[in-house]
Structure formats: structure tokens, C-alpha cells
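Below: one structure, written as C-alpha cells.
The values are calculated or read from the model by the stated rules, or taken from the named source; none is laboratory data. All figures in this text were calculated on a predicted structure; none of them were measured in a lab. Every residue, glycine as well, gets a Cβ built from its backbone with ideal geometry; the counts of neighbours run over all protein chains shown. Ligands, DNA and RNA are excluded from the accessible area calculation, which covers all protein heavy atoms including side chains. Shrake-Rupley method; radii C 1.70, N 1.55, O 1.52, S 1.80 Å.
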There are 2 protein chains.
Amino acid sequence: MTGEQTKKPGRKPRIRDAEATKARILDAAKKEFAKNGLGGARVDDIAEKAKANKRMIYHYFESKEGLFQTVLEDAYLDIRSAEQKLHLEDLDPKVALEKLVRFTWEYYLKNPEFLTLVNSENLHRAKHLKKSEIIKVSSRKLVNMVSSILERGVTAGIFRDGVDPVQLNITIAAVGYYYLTNRFTGTIIYERDLMARDALEQRIQFNIETIMRLVTV
Amino acid sequence: MTGEQTKKPGRKPRIRDAEATKARILDAAKKEFAKNGLGGARVDDIAEKAKANKRMIYHYFESKEGLFQTVLEDAYLDIRSAEQKLHLEDLDPKVALEKLVRFTWEYYLKNPEFLTLVNSENLHRAKHLKKSEIIKVSSRKLVNMVSSILERGVTAGIFRDGVDPVQLNITIAAVGYYYLTNRFTGTIIYERDLMARDALEQRIQFNIETIMRLVTV
DNA sequence: CAATTAACGCACTAACTAGTTACTTCTTTA
DNA sequence: TAAAGAAGTAACTAGTTAGTGCGTTAATTG
């Protein structure tokens, strides 16, 4: 009987595509890690969702943690690259700052996995991000961008002097991040549907107000 | 041989104390859940750290999730009770608000488990907190407190009108919470030790400035 | 087209994990 | 002080889980 049925019948001849498989795994992993955290995520589930064999995960990413690290790096690179595409350096300082606040909010809103991935990484004391050099480089660009907006605003006489760009950056992230990452407990604590259409609209307006008042003379 | 050695020798006669055992379990669980999240926490580890038998956990708390729920409730009740003890209603509105901002910051700083527990609960879409009625009641008091500070400030002509107390509350939490819960990734992203003594001092000052500018006329 | 390489898949394992069974030991109270 | 009840323990189970060994099949290249 050996060698008789080389091609098992009734199974489609698989098309081989390493890049596509890798991409499917990464996509499934992102969702699974975001939903359950690093510890709660199941490698078998990721493989199934990716329509890939579990063996492939270990082939491409070495380990569950290796996979997590790649997912996390990709997530950071994505937001950093989207920020760069805003071209804030070409805009009026006030307009640029408001645009950044709005962008940050909308990015978190559209990519809630980013929030949970970052939370998960902090639970693990950033051990995966520590290894990544490219993340530092791209983050530096963001701080420089905010720094330059602030400087131009000061020169134009509309922003006050002495605002630390890093603190400002952190605060821009904070006012959106906290609201959205804690939307489930928040909805209970504040007895208000934080994700309702008008609640979201009210929040982004409030955040813009917060940041503008912070930097204005 | 039966009944011959009723008391096994060489073992201390255990002192029985249900409340103390329960408390030790809760304390160990809080640390374990905070460190590893609900999914990553190990019931065996909690039992060991609590110097209790695992069976006791199931005796007192029914399940791992039951234990988590109690830990979480206790954590919320603790911060809400500490807030009430500030007696902000007796203070000048500006002083009261600054005191609340400072308190919130210091509470997070001294109780980092609170942050991870809340993060973990949000990963699970607040399914445990949902069941708790007492949390809603105590949260309402906090919102009312901030609400009353705002009102008194408006009457005194020092705060502007129309600031939503819930949004303000969220923002007070946000500016501290985000910084501290993301201190590990933050230290990498911003290439600065966010937990250094002067960095912490700088941050709380920045946060006070942010909140004050937000409410001031 | 043969040989090599790379993608893919099956079935397994060793360690772990939440929860339980069946018991012993201490404390309280009628 | 006997009996009941509550606190505490050890050993176990049934199901998971990350990770692998090894064989198969498709694509590539000399």
C-alpha cells in the first residue's frame, strides 16, 4: 500500500505562500493576544484562526513570545508611521496640535487591540519591547514633532514657554487611552455608556479643550 | 494500625483562624493577580504564598474567578473609601481639586496593583465588576464630590461653568493612570526613566497644571 | 527532469492547571 | 464531655497547553 496514494484525494492542492501564511498568523495573533493577553492567548487558537498549522507558528516565530514580540513591534510601527503621515510640520501650531489629539483618539478608537497589547506588554514589564531598537527611533520622531509644534507656537506667541514636549505627548495619549482602555469598568463606575456616539463626541471635544488650555498662553 | 497515631508527630498544632486565612488568601491573590493578570495567575501559587491549602480557596471563594471578583471589589472599595476620607467638601475648591489630583496620583503610585487589576478586569470586559452593586454606590459619591467642588468653584467665580464632572473625574484619573500603568513601555518609548524621583515630581506638577488650567476661568 | 529546498501537516509528549474527593484535626456548644 | 460542625490537608483527576519529531508535498533550480 505504500506510495500508492501519493496525493490524498479530496484535499485541495494547497497553494504555498510563506508571506501570506506569515501575515495570516500575525493577524490572528494580534486579535488573540489583544483579546486574551499574552498569558491568556492560546497558540492552538491562533493557528486555527490563521488557517495555518501550529507548526508554522514555531517555524516562523520560534515561540509564543517571539510571536507576541513581532505583533507588538508591528503595532507600534503602525501607529508611529500613521503619525508621520499627518505632516504636522506643515500646519499652523494650533491646528497641528488639535489634529494630533484627534488623530491619537481616533487611532485608539479604531485600533483597540493596540491598547490591550500595550497593557499586556506593561504587565510583562516591557521585556519584549526592550529588545527593539527600531521602536526607539520611530518614537523619537514623534517627540521631535510635538517639540517642534510647541516651539513654533511659542515663537508665534500663542503657546506658553516651558511646556515639556514629553509630558505633553504623554498627556495627549493619556486622556484618550485611559478613557478607551477602561471603557468597560468606566461604563459601570460612571453609570454612563462611555461608548455611545455622543459620549465619544463629548470626550474628544473635552480632550481637545484639555490639551489646548494646557499649552495656550 | 488505624487510630494509632492520631496526631502526626513533628507537625505544629495548627491554630485555626478562618478570617486570618481568608485575609492571607486575599492578600496573596491580589499580588498574584496584579502580577500576572487573571489568566496568568496560578491558583496553586496563590495558595502557597498565602500559606493556605488550595482547598481553602475553593472553600471561601468558590472559584478562581470568585476570588478575583472579591480582590477587585476590595481594591475599588479601598480607593473609594480613601477618597471619602479626604473630606474635600470642607476645603476651598482650588485646594480641594489639587488635593484630589495629588491623592489620585499618590494612590496609584503606592498601589500599583490597583492599576493592573483594573486593566485585567477591562480585558475581561468588566464581567466581574458588573455584578457588584456596592461599587456603583461608592463611585457615585466620588462623582458627587467632584461635582460639588466644581459648583462651589463656579459660585466663587474661580472655575468656569459647564465643565462635566464625569469628564473631569476621568481626566484626573487618566493623567496619572496612563503614566504609571505604562511606565515600562513609556520608559523605552520616551527614553527617560519615568520612575526616577524627579521625573515623578515633574509629572505630578504637570498633572496639577493640566487640571487647574482645565477648570479655571 | 532529478535533486534540493522550503512549506506544510499529523500525532505526540511532558508539564501544567483548575477543581475535587475523601479524609483528619481542631473548636465550639448542648 | 460527646457530638457536631468547621478548618485544614494530601493526593488525585480530567482536561489543557506550549512545544516537537518526523514525515509529506509543493516549488525551485541546476
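Annotation note: trypsin sites (Lys or Arg not before Pro) in the stretch A:24-132 located in DSSP loop regions with a Cβ neighbour count of at most 16 within 10 Å are A:Arg42, A:Lys51, A:Lys85, A:Arg125, A:Lys127. Ascending distances from the A:Glu19 label point to its copies in the other chains, with the point 7 Å along the Cα-to-beta-carbon line: 6.8 nm.
Scanning chain A for long hydrophobic helices, with DSSP H runs required to stretch 18 angstrom or more by C-alpha along their axis and to average at least -1.0 on the Kyte-Doolittle scale, returns A:18-40, A:64-84, A:93-110, A:133-155, A:165-181, A:197-215. For the protein assembly as shown, the share of accessible area belonging to carbon and sulfur comes to 51 percent (1.4 Å probe, ligands and nucleic acids excluded).
Looking at the stretch A:91-217, the pairs of alpha carbons with a distance over 23 Å make up 39% of the total. Farthest toward the dipole's positive end in the protein assembly as shown, which of B:Leu129, A:Gly162, B:Gly186, given Cβ charges of +1 (Lys, Arg) and -1 (Asp, Glu) about the Cα centre? Final value for the positive-end residue is B:Leu129. Ellipsoid semi-axes for the stretch A:1-142, based on the Cα gyration tensor and the rule √(5λ), read 38, 17, 13 Å when sorted largest first. Using a 1.4 Å probe over protein heavy atoms, the accessible area lost on pairing A with B, summed over both chains, comes to approximately 5000 Å².
For the protein assembly as shown, build the charge dipole from Cβ charges (+1 Lys, Arg; -1 Asp, Glu) around the Cα centre, then report which of B:Met195, B:Thr216, A:Phe68 sits farthest towards its positive end. The listed residue farthest towards the positive side: A:Phe68. In plain terms, chain B is cut at each of the GluC sites (Glu not before Pro) found in a DSSP loop with at most 13 other Cβ atoms within 10 Å, and the longest leftover piece is B:63-190. For the protein assembly as shown, a simple Cβ point-charge model (Lys and Arg +1, Asp and Glu -1, everything else neutral) yields a dipole of about 1980 debye relative to the Cα centre.
With label points set 7 Å from Cα along Cα→Cβ, the inter-copy distances at B:Ala156 are 3.5 nm, sorted shortest first.
In this Cβ point-charge picture (+1 for Lys and Arg, -1 for Asp and Glu), chain A has a dipole of about 1020 debye about its Cα centre. Which whole-number percent gives the relative contact order of chain B, counting Cα pairs below 8 Å spaced six or more residues apart? The value is 19 percent.
In the assembly of identical copies, B:Asn111 has its label point, taken 7 Å from Cα in the direction of the beta carbon, separated from the corresponding points by 3.4 nm (ascending, one decimal). Note on the stretch B:75-116: with charges restricted to the Cβ of Lys and Arg (+1) and Asp and Glu (-1), its dipole about the Cα centre is near 80 debye. Taking N as the residue count of the protein assembly as shown, its C-alpha radius of gyration divided by 2.2 N^0.38 Å amounts to 1.15. Can you find, among B:Ser148, B:Leu26, B:Tyr107, the residue sitting farthest towards the positive end of the charge dipole of the stretch B:1-155, where Lys and Arg contribute +1 and Asp and Glu -1 at Cβ? Farthest towards the positive pole: B:Leu26. Solvent-accessible surface, computed for protein heavy atoms with a probe of 1.4 Å, shrinks by 40 Å² or more for the following residues of the stretch A:98-139 when the other protein chains are added to the isolated chain: A:Asn119, A:Asn122, A:Leu123, A:Arg125, A:Lys136. Of the residues making up the stretch A:198-217, those losing 10 Å² or more of accessible area when the isolated chain is joined by the remaining protein chains, with a 1.4 Å probe, are A:Gln202, A:Arg203, A:Phe206, A:Glu209, A:Thr210, A:Arg213, A:Leu214. For the segment A:163-173, counting C-beta atoms of other chains within 10 Å of every residue's C-beta and taking the mean gives 5.
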